[in-house]
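Note sheet for the following structure.
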Amino acid sequence: MADDYDVAVIGAGPGGYVAAIRAAQLGLKTAIIEKDKVGGLCLNWGCIPSKAMLYCAEIVNLVQRGPEFGIGYENLTTDLAVAVDRSREVVQKFVSGVETLLDQNKVTLIRGAAKVTGTNSISVEPGGETLQAKNIIVAAGGFTRSLPNVPIDGDRIITSREALELRDKPASIVIVGGGAIGVEFGYLYRSYGAEVTIVEMLPRLVPTEDEDVSRPLERSFRAQGINVRTETKVESIGAKESGVVVLVSSGEKQEELQAERVLIGIGFGAASEGLGLAEAGVELEHGSVKIDDYGQTNVPSIWAIGDVTGRMLLAHVASHQGVTVVEKIAGMNPPPLIYEQMPRATYCQPQIASLGLSEAQARERGMDVRTGRFPFRANGKAMATGDTEGFVKLVVDRETREIVGYHIIGHNATEMLGEASLGAVLETTQAELGYAVHAHPTLAEAVKEAALAVNGEAVHFYSPKRD
C-alpha cells in the first residue's frame, strides 16, 4: 500500500509544528498529530505564558521605582489574576496563529493521541485512524518532574503548570530548584509581594551557568528579599489544610520550612511513554529517545526532536532540530547541531543570557583562556534607564582568539543573544567583535567593550593592558 504521507509528526509543540511547516515548504506531504493544544507545553504552559507574566512583574517593579523618574502614586495595588488573564490571552493569539500557519502551508492537523505501530505506521486514538508515512518525527515533548514520593496535588504542591493558572498570590511559597524555572517564578512571586524561599541542592543558583554569573544573581535575589538556600536538600514535603511543611537538610542540620504553597521546579522529563517506540524497535535511554547528530533514531524511518530526546530541553533547540531533521529527510545537507552553541536564556531580572562554554568548562577541556568583562554601570544606555546591575563576560581561547563563551547578566540581557549566536556560527574572534561598530547608546555596546577588555583595551572602563 502506498504511503499516505511523506512525513508524519507526533506532537505540535515548537519542535513539531516548525518541522511540519518546513516539511511542507519543501514539498513534502505532511501530517501533524496533537492530542492536546497546538503549541505544546512551550506555547500553552511554558515559555509564552510565563514570559507574559514575568513582563507584568517587570511593570510592577518599574512602577514601584516611579519616584526615581519623578512619578508619584498613592495606594498602589497589584493583581496577579490580571497577569494570568493577560497571559492566557497572549497564548490564545499565539496558538491561533500557529494553527493558521499550519493551514496556510497545507499541513494536515489530526487531533488525537498517536502511537507508533510500525516503522512507517501510526494509529490515532480515540478514533482508531491509521496513518502510513515514509518518515515519522517524534516531537512528543516533556512532562514536569516531581520529587520521589511527592505527589502533585495541584493546590498546595504545584508545578510550573499549575503556577501559570494560580490567580491568588500566595502569601508565602517555597520553590524547590534554583534553575531557570525556580528563579523565574521566584522573581515573579516576590514582585507581587510573596515571601519566597528558593531551595537548591547544589552550591549556587542556576548551577549550569558560569559561576561569575550565578553569584551576582544570588546577591541580587537576596537584595530583592528572596530567601536563597543553596547546598540544601529537600527531605520531605507534607501538605496540610493551612499550607505545607518542607523538611530540608544542609550538612547535618535539618529544618522545617513552612509556607502556603510549594512549587516543584526541578525540570522536565521525556514524554516517551505510551508512544509504542520500544515496540517499534526504537532505542531509548532512561526514557529519552536516542538520536544521532541529525535527529535520526536507530530505526531509519523514525526521527525524534525536542524534549523527548533529552538532548537540550529548550524550545528554540527543538525548532532547530525540527528544521535539521526535515532538511535531512528532503535530501539536503544541513549542518549537525552543536548543542553547546545553543543560546540559553533565563528571564528573571536581572536576566541571564549565555552561549558556549563557561570559564570553568573551557579550562577543564585544557584550553588556555582569558576573559574580558564590562559592567553595565559603565554603559550609557544602562545608566540612562537606571538598570546598571550586571555585566558582560567573554571567554576567549588564547591560541585562536575565538570567543568560546558568552555570559551576560543584566536587565534585558537575553535580547543580546542574537549577536552571540551569530558570533558562534562565524567563529568570531575577540578582535573582530571589538572592531564591529555598535550603535550608541545601546546595551550591546557592553559586548563590544568586553571583547576589547580581553586585551585591556576597553575604552569606557579601566582594564589593565595585557600581552
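The values are calculated or read from the model by the stated rules, or taken from the named source; none is laboratory data. None of the values given here were measured: they were computed from a predicted structure. Positions of Cβ are backbone-derived with ideal geometry, glycine not excepted, and every protein chain shown enters the neighbour counts. Side chains included, ligands, DNA and RNA excluded: accessible areas come from the protein's heavy atoms. Shrake-Rupley method; radii C 1.70, N 1.55, O 1.52, S 1.80 Å.
A residue that is open to solvent by less than 30 Å² (accessible area, probe 1.4 Å) and either in contact with a Cys (Cβ under 6 Å, 6 or more places away or on another chain) or closer than 30 Å to residue 414 by Cα (or both) can be found somewhere in region 231-248. Residue count for region 283-297 satisfying the condition of being closer than 19 Å to residue 7 by Cβ, touching a residue at least 12 places away in the same chain (Cβ under 8 Å), assigned to a loop (DSSP other than H, G, I, E, B) and open to solvent by 20 Å² or more (accessible area, probe 1.4 Å): 2.
Here is a check on your reading of the model: is residue 336 without any contact (Cβ under 8 Å) to a residue 60 or more places away in the chain, surrounded by fewer than 22 Cβ atoms within 10 Å (Cβ to Cβ) and within 30 Å of residue 302 (Cβ to Cβ)? Answer is yes for this residue.
The rows are residues; the columns are (1) in contact with a Phe, Trp or Tyr (Cβ under 7 Å, 6 or more places away or on another chain); (2) under 22 Å from residue 50 (Cβ atoms).
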| position | (1), (2) |
| --- | --- |
| 316 | no, yes |
| 327 | no, no |
| 330 | no, no |
| 343 | no, yes |
| 349 | yes, yes |
| 359 | no, no |
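Taking residues in region 365-385 that are within 13 Å of residue 409 (Cβ to Cβ), and partners anywhere that are modelled with pLDDT under 95 and open to solvent by less than 20 Å² (accessible area, probe 1.4 Å), the pairs with Cβ atoms closer than 7 Å and at least 6 places apart or on different chains are 374/458.
Of all residues in region 171-202, those being more than 29 Å from residue 364 (Cβ to Cβ), in a loop (DSSP other than H, G, I, E, B) and either out of contact with any strand residue (DSSP E or B) (no Cβ under 9 Å at 6 or more places or on another chain) or not hydrophobic (A, V, I, L, M, F, W, C) (or both) number 2. For the criterion of being closer than 27 Å to residue 51 by Cβ and exposed (fewer than 14 other Cβ atoms within 10 Å of the Cβ), residue 444 fails. If you go through region 11-52 and keep only what is within 28 Å of residue 166 (Cβ to Cβ), in contact (Cβ under 8 Å) with a residue 60 or more places away in the chain and of a type in the set (S, T, N, Q), you end up with just 50.
Would you pick out the residues in region 180-229 that are under 26 Å from residue 406 (Cβ atoms), open to solvent by 20 Å² or more (accessible area, probe 1.4 Å), touching a Ser or Thr at 6+ places or on another chain (Cβ under 9 Å) and among the small types (Gly, Ala, Ser)? Hit for region 180-229 is 180, nothing else. Of all the listed residues (119, 144), the sole one being among the polar types (S, T, N, Q), more than 30 Å from residue 300 (Cβ to Cβ) and open to solvent by 10 Å² or more (accessible area, probe 1.4 Å) is 144. Are any of the residues in region 390-408 touching a residue at least 40 places away in the same chain (Cβ under 8 Å), part of a helix (DSSP H, G or I) and not charged (D, E, K, R)? Checked against the condition, which is being touching a residue at least 40 places away in the same chain (Cβ under 8 Å), part of a helix (DSSP H, G or I) and not charged (D, E, K, R), region 390-408 yields no hits at all.
Taken together, 280, 318 contain a single residue that is under 19 Å from residue 42 (Cβ atoms) and crowded, with 17+ Cβ neighbours inside 10 Å, which is 318.
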